[in-house]
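For reference, the structure is listed below as structure tokens.
Just so you know, all these numbers are worked out from the coordinates, no wet-lab data involved. Just so it is clear, the structure is predicted and the values come from calculations on it, not from any experiment. Reconstructed Cβ throughout: ideal geometry from the backbone, glycine too, with neighbour counts over all protein chains shown.
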Amino acid sequence: MITLSWLLLIALAGGVLTIVDGIWRLRARGGSTVIGIIEIIVAGLFVLSLFLTGIPFGSLVLGIATLVVLVVALIMRGRLGMTLTIIALVLVAIWIVLENRWLVIPGINS
């Protein structure tokens, strides 16, 4: 049984937006396809790791990898807009901070 929490919703939103951003990078004419493929794979594993326990790396490691891929995608943006990448980056960064309890907000990660 999966417990629905704010942390799960933040992670899901960040992961899904990263997958969508990777798909947009693959479909763009001037986009970097290698970053798009890596983005889809890492974000897909990140979203799966939230629900399955058999993923080789934990959710935190895959969240950090997703964050790194988003930063690289932001730097090498090509002709694609930056809005979706920035929103996904912020959501994944917030999830990492709240998951590690570096910032405790009652009702979200208490």
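Some points to look at:
- Coarse-grained scattering of the range 12-100 at q = 0.10 Å⁻¹, given as base-10 log I(q)/I(0) from a Debye sum over alpha-carbon atoms: -0.21
- Highest-first packing order for the peptide set 83-91, 49-57 is 83-91, 49-57, based on the mean count of other beta carbon atoms within 10 Å.
- Here the contact order of the chain, divided by its residue count and restricted to Cα pairs under 8 Å and six or more residues apart, works out to 35 percent.
- Charging the Cβ of each Asp and Glu at -1 and of each Lys and Arg at +1, and nothing else, the dipole of the chain about its Cα centre rounds to 340 debye.
- Across the options G14, A28, V69, the greatest Cα extent toward the positive end of the charge dipole of the range 12-100 (unit charges at beta carbon of Lys, Arg, Asp, Glu) belongs to A28.
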